[in-house]
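The values are calculated or read from the model by the stated rules, or taken from the named source; none is laboratory data. Just so you know, these numbers come straight off a predicted model, no measurement behind them. No Cβ is skipped: glycine too gets one built from the backbone with ideal geometry, and neighbour counts run over all protein chains shown.
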Amino acid sequence: MKTITVNASKKYNVIISSDLGGLTAFLAPLIKGDKVAVITDDTVSKLYASEVISALKGYEVSVLTVKSGEDSKNATNFIYLANELARLGFSRTSTVIALGGGVIGDLAGLVSATFMRGITLIQIPTTLLSMVDSSVGGKTAIDLDAGKNLLGVFYQPNGVYVSLSFLKTLPQREIVCGLGEITKYAFIDGRITPQDISEKNYEKLIEKSLEIKRDIVERDEKESGDRMLLNFGHTVGHAIEKLYNYTLSHGECVIMGMYSALNVSKALGYLSENGYNSGVKLLNETGVMPCNDFSKDQILSVMKKDKKGDGDSVNFVVTTGFGSSKPVKIKYEKLIEII
Ligand SMILES: NC(=O)c1ccc[n+]([C@@H]2O[C@H](COP(=O)([O-])OP(=O)(O)OC[C@H]3O[C@@H](n4cnc5c(N)ncnc54)[C@H](O)[C@@H]3O)[C@@H](O)[C@H]2O)c1
């Protein structure tokens, strides 16, 4: 069992364990009142809700379930869950446990951030992507018709419990999505190398990813500087995700977005031909190929609605090679010429 402490506006521990054996002891000091809501999706609920409930003996536990998938990160579910907490008599001392992937983490995170102006939030991530990225750092959000993650707040959890045991039921396609975010870390911080990724030692990859994310969040919690680096591949990735109407997963679209980010980095002179080829090779290893299904105009019109936009420009993260990236301001028209 390993512990990573995040020292942001809230100080909290992230446990990395092989199983749920330490969950009861981890939760005991974090849960203040009697009432606990486990917010989850219908896939994860069937697989793991009872195991988590059995770690919560002595509390009044309610399981609140939404359908699995990105479509659930919406305003209707947000209001439904908040109403359920009110109906169940939740107070400021009650606790929300987000049990699931990034969709549940973001949705349940926003509910706990806003219910009575903020109640205790524990993240128990069950996908590789949520273990290495979304469960830590405090970004919560739902999607609006206009785009992804447009309604949200920064709200750090009170604790995060990562159990590698969840990976045994995770479909290969979801593993690839997690590898996509891990590959992103390899482009922004040298602590994860292409060699590490090819070894696929998940415990090591999760630990290194979380250390990188912890360091960035501690330096720039609200994304006014360094945290933008975590958006490598996401500017185009989010646009593609929206254009596919969320039928492809976030991780797959981010991998496609990283191909574009490599193109832009090379075209603007930040990345050598060799660096570009090595980057493409690493992305190819995920099995996800570049996206050619949409016109430049389609991508441009969605990208302009993204949070990273700033008038006629966008903060775009380019890489100069593995372990080194930086945000640069690029005019949309220039960007669209290149990708
Ligand atoms: N807050 C952040 O910092 C942050 C960072 C990255 C991504 N995100 C968000 O995360 C979301 C993507 O997260 P995701 O990839 O985890 O998707 P997800 O939550 O939709 O989970 C993917 C699928 O795997 C299933 N699943 C989850 N755990 C399982 C398990 N252990 N075994 C079997 N099936 C399981 C889910 O039911 C779902 O069908 C996106 O909405 C994205 O915007 C947020």
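Among residues of the stretch 144-169 being modelled with pLDDT under 95 and within 10 Å of the ligand (Cβ to nearest atom), the one that is surrounded by the fewest Cβ atoms within 10 Å (Cβ to Cβ) is 149. Which pairs turn up if I take residues in the stretch 19-33 that are of a type in the set (S, T, N, Q) and look for partners that are in a loop (DSSP other than H, G, I, E, B) with beta carbon separation below 9 Å, at least 6 apart in sequence or on another chain? What qualifies is 24/55; 24/56; 24/57.
Taking the condition modelled with pLDDT of 95 or more, over 23 Å from residue 74 (Cβ atoms) and either outside any strand (DSSP E or B) or more than 9 Å from the ligand (Cβ to nearest atom) (or both), does residue 132 pass? Here the answer is yes, as residue 132 does meet what is asked. For the residues 101, 147, the requirement of being touching a residue at least 40 places away in the same chain (Cβ under 8 Å), within 27 Å of residue 263 (Cβ to Cβ) and in the same structural domain as residue 87 (by TED's automatic domain parsing) singles out 147. Being at pLDDT 95 or above, within 17 Å of the chain's Cα centre (by Cα) and under 19 Å from residue 14 (Cβ atoms) holds for only one residue in 175, 212, 192, and it is 212. When restricted to residues that are surrounded by fewer than 24 Cβ atoms within 10 Å (Cβ to Cβ) and on the phi > 0 side of the Ramachandran plot, the stretch 88-118 contains 4. Note on the stretch 180-210: residues that are out of contact with any helix residue (DSSP H, G or I) (no Cβ under 7 Å at 6 or more places or on another chain), touching a residue at least 40 places away in the same chain (Cβ under 8 Å) and under 20 Å from residue 167 (Cα atoms) total 2.
If you go through the stretch 170-181 and pick out every residue that is surrounded by 17 or more Cβ atoms within 10 Å (Cβ to Cβ) and either within 8 Å of the ligand (Cβ to nearest atom) or in a strand (DSSP E or B) (or both), you end up with 5. Remark: residue 203 matches the filter, which requires a residue to be more than 13 Å from the ligand (Cβ to nearest atom) and part of a helix (DSSP H, G or I). Sub-9 Å Cβ pairs linking a first residue in the stretch 121-134 that is free of Cβ contacts under 8 Å to residues at least 40 places away in the same chain to a second residue that is more than 6 Å from the ligand (Cβ to nearest atom) and of a type in the set (Ser, Thr, Tyr), at least 6 apart or interchain, are 121/95; 121/112; 121/140; 121/155; 123/135; 123/161, ordered by first then second residue. The residue of the stretch 226-280 that is farthest from the ligand (Cβ to nearest atom), among those that are small (Gly, Ala, Ser) and closer than 16 Å to residue 314 by Cβ, is 267.
Looking across the stretch 48-87 at every residue that is aliphatic (A, V, I, L, M) and loosely packed, with under 15 Cβ neighbours inside 10 Å, the one that is nearest to the chain's Cα centre (by Cα) is identified as 75. One residue stands out among those in the stretch 285-330 that are among the small types (Gly, Ala, Ser) and under 19 Å from residue 230 (Cα atoms): the one that is surrounded by the most Cβ atoms within 10 Å (Cβ to Cβ), which is 325.
With the checklist (1) of a type in the set (Lys, Arg); (2) more than 25 Å from residue 227 (Cα to Cα); (3) assigned to a helix (DSSP H, G or I) in hand, flag the one item residue 184 doesn't pass. Exception for residue 184: condition (2). For the stretch 37-47, filtered to residues that are surrounded by fewer than 20 Cβ atoms within 10 Å (Cβ to Cβ) and not β-branched (Val, Ile, Thr), the residue that is nearest to the ligand (Cβ to nearest atom) is 47. I'd like to check something: does the stretch 185-195 contain any residue that is buried (at least 18 other Cβ atoms within 10 Å of the Cβ), farther than 30 Å from residue 114 by Cβ, in contact with a strand residue (DSSP E or B) (Cβ under 6 Å, 6 or more places away or on another chain) and of a type outside the set (Lys, Arg)? So far as the stretch 185-195 goes, yes, one or more of its residues are buried (at least 18 other Cβ atoms within 10 Å of the Cβ), farther than 30 Å from residue 114 by Cβ, in contact with a strand residue (DSSP E or B) (Cβ under 6 Å, 6 or more places away or on another chain) and of a type outside the set (Lys, Arg).
Test residue 96 against the criterion of being in a strand (DSSP E or B), more than 13 Å from the ligand (Cβ to nearest atom), at pLDDT 95 or above and under 29 Å from residue 242 (Cβ atoms), and give yes or no. In short, yes.
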